[in-house]
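All remarks here apply to the structure that follows.
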Number of protein chains: 2
Amino acid sequence: MALVVQKYGGTSVGSIERIRNVARRALATQREGHRVVLVVSAMSGETNRLLALAQEITRVPDAREMDALASTGEQVSSALVAMAVQAEGGKARSLLGHQVRVRTDGAFTKARIQTIEDAAIFEALNLGEIVVVAGFQGVDEAGNITTLGRGGSDTSAVAIAAAIRADVCDIFTDVDGVYTTDPNVCPSARKIERISFEEMLELASLGAKVLQIRSVEIAMKYDVPVHVRSSFNNEPGTIVSKEDVSLEGMVVTGIASDKSEARVHVVGIHDRPGAAAELFERIAEKNISVDMIVQNVITDANPVAAITFTMPKNDLARAKAWIEETARGLGASQIRYDEDVAKVSIVGLGMRSHAGVAAQMFRILAQEGINIQAISTSEIKISCLVAAKYAELAVRSLHDGFRMGKSD
Amino acid sequence: MALVVQKYGGTSVGSIERIRNVARRALATQREGHRVVLVVSAMSGETNRLLALAQEITRVPDAREMDALASTGEQVSSALVAMAVQAEGGKARSLLGHQVRVRTDGAFTKARIQTIEDAAIFEALNLGEIVVVAGFQGVDEAGNITTLGRGGSDTSAVAIAAAIRADVCDIFTDVDGVYTTDPNVCPSARKIERISFEEMLELASLGAKVLQIRSVEIAMKYDVPVHVRSSFNNEPGTIVSKEDVSLEGMVVTGIASDKSEARVHVVGIHDRPGAAAELFERIAEKNISVDMIVQNVITDANPVAAITFTMPKNDLARAKAWIEETARGLGASQIRYDEDVAKVSIVGLGMRSHAGVAAQMFRILAQEGINIQAISTSEIKISCLVAAKYAELAVRSLHDGFRMGKSD
């Protein structure tokens, strides 16, 4: 008998008929002898409907009120799913963030889970009930409702799985697993059977949208195996778990591309120790996260530094004035922005033991005539910034070049 | 400086534009120097939308889950109203039932308020905020969300006003006060300026829908003056407060009619002590509330009793089998039901000191050829059961007969 957490996203509970399917699947799991905790998102479209109401009132709604508003989406779906389990003859109860006691910090609209109590969940499980937890939501110390930000239901599910020491956390979604790369971009993309937490973390960070980064971090920290699978069939999906020796055969496990960042190019900052540090410290003050950073020194009469970095396009409008003020203060003569860029990344534990993976990546891109604007690497990841128009071509040629496709 | 509770019903927050009006009115009250607590219903239509979702899943949704579902309606409107106050330049925060700690019993879908804490409300008021409380909802001892039943937002508002010792509880609604009778039935109906708690309680019990009975009970118990007024204009409405000497001039204050009850006629119950008691005890076991009761003994060879009583039509379907089983067990030979009845009632503190009011009522009805099927009275109320088709005629003729109309 296992203790199973099953998370269903907005599409999976997007209609009454789908909610019935969720209930049936949960009951089938229970009948196999398992104890079942469901974590549900809002019905698809509902969060946007609520946001639109708020936007009608004010362009920048108060974050605390936004969370009180948005959290109703999951409250509705958790109650409906509990009713559906009952309608199918099972026992169930819904639990909200404040009822489970999903305690978060007070950062409205992007709160982080601090602790989760297991008492309310086990009390219901011990009565033979299927527990339906409203995902995405918690309460801060003062009892204010908080939300974890978009996609936060994955995080809720994994954190709850960790708190109750579940054997597995099934993430049911509208795709049937984690793919080597986006199948819409690369038709030969292949479903990955098993992937390590570290690799999944890199892929999620790099724009693979199947799992929230934060949920993978928690799964890794508490060693909760996560099973990403389709809510529309019973096929096995992708198991995300501790590093697995059998994976070592593949050098590159996944490829991701991400067009959400813009490139900022700052020329002429004084080439003195600490100038770059000051620039990024002051940008960080504004809560803007900078990703790739490249610095060159132009050795002219007066040595000046050229710094290139990337940051979310979404933040660019509000950040521009601040970046320019800061950069000018540090002597910058020129600041350029480029939003037509994409970050293409390869990820794989195998890179640790295989030399030359970076060189092979650069060669594959060069063969396609794709210029690399910036590079960043980690132990198991290499990212290249390229012109946005080349993103899909880069993904496909890397997928072929590293022989990641289906075996046929 | 007064402490004011303002309650806005579903129509008053039925659109974003109306929500803005609520915010402006609350701010105007605050600018006059008052501290303001709003209690809001769900946007009109929202509760029905949620009910329809539940009905799609199951004809009889679990009461606990129904409350978790339905309470989102007020959560949405309270957050939107708080946002609207902020958008107008004010300070505000929404508070839910579990945040205020509106503690109720555990009777889901029709819970009764037991205690309300004032700390969270005063904390916000002391910061200069307008507090927006989600009406209709509370939590039971175990932390489950409960609702007070349809119209429960009135009760929330008055109970909160009592808990924080507010100077007045304004009930903003889509009518501009309490009328001597339904103006749709009787064009000469007149808005009442002041009415006592006792009279309002009788009128509310008798089907005048402007205030929930429970809210009047609480207002009377804690002596909270209630001001029923229109959310669409600034005219004074009707003040419901302690008995007022100036009212004594009018014998009859209001007339109500109610078609929601059915008449049950039971013939042949053994005429022995306790037979009628047993019938009504057993009906009460099933939580069916019986209203008017008339008993006659038919003096035949064997004396048998004929008992007539009224009960909600809504309960009739589920109650019939139980009533018949019980009545047959007590010797009943015949049980008849009549749903085409109406209860027409006159209410007034003046009846206490004026003799002959009942006789006058019966005479007015007789003059119109209206047969009275049953009568029940209290110190300040007389109700007559008549054929449903005569309800409107009865109301108009009583209104004229007791000279309650506009003076012109």
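The values are calculated or read from the model by the stated rules, or taken from the named source; none is laboratory data. Remember, it's a predicted structure, so these values are computed and weren't measured experimentally. FYI the Cβ positions are ideal-geometry reconstructions off the backbone, even for glycines, and counts take in every protein chain you see.
Just the residues that are surrounded by fewer than 24 Cβ atoms within 10 Å (Cβ to Cβ) and of a type in the set (Asp, Glu), please, taken from segment A:68-95.
A:GLU88
I need the full set of residues from segment A:48-61 which are surrounded by fewer than 23 Cβ atoms within 10 Å (Cβ to Cβ) and not hydrophobic (A, V, I, L, M, F, W, C), in order please.
Scanning segment A:48-61 gives A:ASN48, A:ARG49, A:GLN55, A:GLU56, A:THR58, A:ARG59.
From the list A:GLY348, A:GLY331, exactly one residue is within 30 Å of A:PHE402 (Cβ to Cβ) and of a type outside the set (Phe, Trp, Tyr). Which is it? Reasoning before the result, please.
Values: A:GLY331 fails: within 30 Å of A:PHE402 (Cβ to Cβ).
A:GLY348 is the lone residue from the list that is within 30 Å of A:PHE402 (Cβ to Cβ) and of a type outside the set (Phe, Trp, Tyr).
Evaluate the following for A:LEU27: is it assigned to a helix (DSSP H, G or I) and within 12 Å of chain B (Cβ to nearest Cβ)? Break it down into steps so the answer makes sense when it comes.
Numbers: assigned to a helix (DSSP H, G or I): yes; within 12 Å of chain B (Cβ to nearest Cβ): no.
For A:LEU27, the condition - assigned to a helix (DSSP H, G or I) and within 12 Å of chain B (Cβ to nearest Cβ) - is not met.
Is there any pair linking a residue in segment A:66-89 that is within 7 Å of chain B (Cβ to nearest Cβ) and at negative phi to one that is surrounded by fewer than 24 Cβ atoms within 10 Å (Cβ to Cβ) and of a type in the set (Ser, Thr, Tyr), with Cβ under 8 Å and at least six apart or on different chains, and which?
A:MET83/B:THR58; A:ALA84/B:THR58; A:GLN86/B:THR58; A:ALA87/B:THR58
Can you tell me which residue in segment B:30-41 is nearest to B:THR155 (Cα to Cα), limited to those that are part of a loop (DSSP other than H, G, I, E, B) and touching a residue at least 24 places away in the same chain (Cβ under 8 Å)?
Filtering segment B:30-41 down to residues part of a loop (DSSP other than H, G, I, E, B) leaves B:32-34, B:41.
After this cut, where a residue has to be touching a residue at least 24 places away in the same chain (Cβ under 8 Å) as well, the list is B:33-34, B:41.
Details: B:GLY33: 26, B:HIS34: 22, B:SER41: 11 Å.
Only one residue fits best here, namely B:SER41.
Kindly evaluate B:LEU51 against the criterion of being part of a helix (DSSP H, G or I), more than 8 Å from chain A (Cβ to nearest Cβ) and under 23 Å from the mean Cα position of the chain (by Cα).
So B:LEU51 fits the description; yes.
If we scan segment A:153-167, do we find a residue that is within 14 Å of chain B (Cβ to nearest Cβ) and outside any loop (DSSP other than H, G, I, E, B)?
Step one: filter segment A:153-167 for residues within 14 Å of chain B (Cβ to nearest Cβ), giving none.
No, because not a single residue in segment A:153-167 is within 14 Å of chain B (Cβ to nearest Cβ) and outside any loop (DSSP other than H, G, I, E, B).
Can you work out which of the residues in segment B:13-24 that are without any contact (Cβ under 8 Å) to a residue 40 or more places away in the chain and in a loop (DSSP other than H, G, I, E, B) is surrounded by the fewest Cβ atoms within 10 Å (Cβ to Cβ)? Show your work before the answer.
Of the residues in segment B:13-24, the ones without any contact (Cβ under 8 Å) to a residue 40 or more places away in the chain are B:14-15, B:17.
So of that shortlist, the ones also in a loop (DSSP other than H, G, I, E, B) come out as B:14-15.
Working: B:GLY14: 20, B:SER15: 13.
Looking at residues that are without any contact (Cβ under 8 Å) to a residue 40 or more places away in the chain and in a loop (DSSP other than H, G, I, E, B), I get B:SER15.
Working only within segment B:109-122, note down all residues that are surrounded by 21 or more Cβ atoms within 10 Å (Cβ to Cβ) and either part of a loop (DSSP other than H, G, I, E, B) or facing another protein chain (nearest Cβ under 7 Å) (or both).
From segment B:109-122, those surrounded by 21 or more Cβ atoms within 10 Å (Cβ to Cβ) are B:111, B:113, B:116, B:121; that's our starting set.
Answer for segment B:109-122, where residues must be surrounded by 21 or more Cβ atoms within 10 Å (Cβ to Cβ) and either part of a loop (DSSP other than H, G, I, E, B) or facing another protein chain (nearest Cβ under 7 Å) (or both): just B:ALA111.
Going through segment A:259-282 one residue at a time, which ones are closer than 21 Å to A:LYS343 by Cα and touching a Phe, Trp or Tyr at 6+ places or on another chain (Cβ under 9 Å)? Write out each step before concluding.
In the first step, residues of segment A:259-282 are kept if they are closer than 21 Å to A:LYS343 by Cα; the result is A:259-266, A:280.
Correct list: A:ALA262, A:ARG263, A:VAL264, A:HIS265, A:VAL266, A:PHE280.
Kindly list the number of the only condition in (1) within 14 Å of chain B (Cβ to nearest Cβ); (2) touching a strand residue (DSSP E or B) at 6+ places or on another chain (Cβ under 6 Å); (3) surrounded by fewer than 24 Cβ atoms within 10 Å (Cβ to Cβ); (4) within 15 Å of A:LEU38 (Cβ to Cβ) that fails for A:LEU125.
The number of the failed condition is (1).
If I ask for residues that are outside any strand (DSSP E or B), over 20 Å from B:THR115 (Cα atoms) and touching a strand residue (DSSP E or B) at 6+ places or on another chain (Cβ under 7 Å), which ones from segment B:195-233 would you list?
Step one: filter segment B:195-233 for residues outside any strand (DSSP E or B), giving B:197-225, B:231-233.
Restricting the remaining residues to those that are over 20 Å from B:THR115 (Cα atoms) gives B:197-211, B:231-233.
Within segment B:195-233, B:PHE197, B:GLU199, B:MET200, B:GLU202, B:LEU203, B:LEU206, B:GLY207, B:ALA208, B:VAL210, B:LEU211, B:SER231 meet the criteria.
A:SER230 versus (1) at pLDDT 85 or above; (2) over 23 Å from the mean Cα position of the chain (by Cα); (3) surrounded by fewer than 17 Cβ atoms within 10 Å (Cβ to Cβ): which is the lone unmet condition?
Condition (2) is where A:SER230 drops out.
Are there any pairs with C-beta distances below 6 angstrom linking a residue in segment B:143-172 that is at positive phi to a residue that is crowded, with 21+ Cβ neighbours inside 10 Å, with the two at least 6 apart or on different chains, and if so which?
Short answer, once both residue conditions are applied: B:GLY143/A:GLN99; B:GLY151/B:GLN212.
Looking at segment B:39-47, can you tell me whether even one residue there is more than 13 Å from chain A (Cβ to nearest Cβ), crowded, with 24+ Cβ neighbours inside 10 Å and touching a Phe, Trp or Tyr at 6+ places or on another chain (Cβ under 8 Å)?
Yes.
Suppose we filter B:SER94, B:SER44 for residues that are in contact with a strand residue (DSSP E or B) (Cβ under 8 Å, 6 or more places away or on another chain) and either assigned to a helix (DSSP H, G or I) or in the same structural domain as B:ALA157 (by TED's automatic domain parsing) (or both); which single one remains? Walk me through it before giving the result.
On the way: B:SER44 fails: in contact with a strand residue (DSSP E or B) (Cβ under 8 Å, 6 or more places away or on another chain).
Only one candidate passes the filter, namely B:SER94.
Within segment B:302-313, identify whether any single residue is surrounded by fewer than 18 Cβ atoms within 10 Å (Cβ to Cβ), under 28 Å from B:ASP182 (Cβ atoms) and without any contact (Cβ under 8 Å) to a residue 60 or more places away in the chain, and answer yes or no.
yes
When segment A:353-408 is examined, which residues are found to be among the charged types (D, E, K, R), surrounded by 14 or more Cβ atoms within 10 Å (Cβ to Cβ) and within 25 Å of the chain's Cα centre (by Cα)? Even if it seems obvious, please write down each step before you answer.
Just the residues of segment A:353-408 that are among the charged types (D, E, K, R), to begin with: A:363, A:368, A:379, A:381, A:389, A:392, A:396, A:400, A:403, A:406, A:408.
Of the ones still in play, those that are also surrounded by 14 or more Cβ atoms within 10 Å (Cβ to Cβ) are A:368, A:381, A:392, A:396.
Hits for segment A:353-408 are A:LYS381, A:GLU392, A:ARG396.
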